[in-house]
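Okay, structure first, notes after.
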Amino acid sequence: GGTRMSTNGAPAVPQEPRPEREAVAHRLLMCRPQYFDVTYRINPWMNPEKPTDTGTALLQWEQLRELYLSLGHTVEVVEPIEGLPDMVFAANGATVVDGKVLGARFRHRERTAEGPAYLDWFARHGFHDLLWPEHINEGEGDYLRVGRRLLAGTGFRTDARSHAEAQEFFGLPVTGLTLVDPNFYHLDTALSVLSEDEIMYYPPAFSPGSRAVLREMFPDAVLASGQDAAVFGLNAFSDGLNVLLPQAATGLAAQVKERGFRPVAVSLGELLKAGGSVKCCTLVLS
Ligand code: ARG
């Protein structure tokens, strides 16, 4: 287009050129869905009546792991435990910032044993600054780092008192956000971090006050449509360039592409039967 003019005739301030996107190599933790199944219902996506296929889950999970490797990331795996069908959702296992590990304490007894299991993996893999938490929190399902701050979900799983505990432990500002729609029960189902200062989210998943906070902090955020949110499009992982997201979220893929990111479609339909996708399967170690 031509030069934009402001109403008083002076040339408008030129738009800042978009920064070159660059991928940051991460170290990730995943858990093979060897014992994946839907045997209980702790979120509206789960229907124990509906059949699941562990073979398909394993295949889709393996494709995600290989995709991470092909993009230059490192993937560690934690041994799955029989009887813990949701352990594949590694994001819930802990929260790691600057090598410090805040353990997870689950809301539902069906998943309680996962907390110590994950913390044990950390203790045996060179992490020394570990905290067994006082308050219920579901790891990186509800804690997402954006630059040098943390966004923290509450409303369904993580206890709001955990936010102060995390702030004290990590020494980083924690902003609490209240989730209000049971379909988006973890923060990482309604909000995704794209870069050190950019996010995308689905406003109706948040309380009015939390929506206002997000507008205040991220006025230029990518806003997801209801359609994209409903296919778990926000359960995405970004390395600053590549944005891995569920393949059905075609609108979001186009929106992030418009911002200079490279959308990469991932098919994890089997795991969605438990209410999880890309980000849920991924715990960011560094
Ligand atoms: N079935 C699991 C639960 O309801 C899914 C967890 C998804 N994980 C996530 N990070 N959102 O707890």
Ranked output for segments 212-221, 105-114 by mean other Cβ atoms within 10 Å, highest leading, reads 105-114, 212-221
If you filter the range 22-75 for chymotrypsin sites (Phe, Trp or Tyr not before Pro), then keep DSSP loop positions with at most 15 other Cβ within 10 Å, what is left? Tyr40
Counting Lys and Arg as +1 and Asp and Glu as -1, each charge on the Cβ, what is the dipole of the range 10-113 about the Cα centre in debye, to the nearest 20? 380
Take every DSSP beta bridge whose two residues both sit in the chain, then give the antiparallel share in percent to the nearest 5. 50
With a 10 Å radius around each residue's Cβ, average the other Cβ atoms per peptide and rank 164-172, 20-28, highest first. 164-172, 20-28
Within the chain: Cβ-based charge dipole about Cα centre, in debye rounded to nearest 20 (Lys, Arg +1; Asp, Glu -1): 480
Per the helix-only model, the chain has a calculated mean residue ellipticity at 222 nm (DSSP H runs of ≥4, -39500 (n - 2.57) each, divided over all residues, rounded to the nearest 500) of -6500 deg cm²/dmol
Value of relative contact order over the range 197-286, rounded to a whole percent, pairs C-alpha under 8 Å and six or more apart: 23
Positive-end extreme of charge dipole, the chain - chosen from Ala224, Pro85, Tyr143 (charges on Cβ): Ala224
When only C-alpha pairs under 8 Å and at least 6 residues apart count, what is the relative contact order of the chain, in percent? 21
Within 10 Å of each candidate Cβ there may be at most 11 other Cβ atoms; applying that plus a DSSP loop requirement, which trypsin sites (Lys or Arg not before Pro) in the range 238-286 survive? none
Quick one: Cα convex hull volume of the chain, Å³ per residue? 135
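FYI, it's all coordinate maths here, none of it is from the lab. Quick caveat, the model's predicted, so the values are computed rather than measured. So basically every Cβ, Gly included, is an ideal-geometry build from the backbone, and we count neighbours across all protein chains shown.
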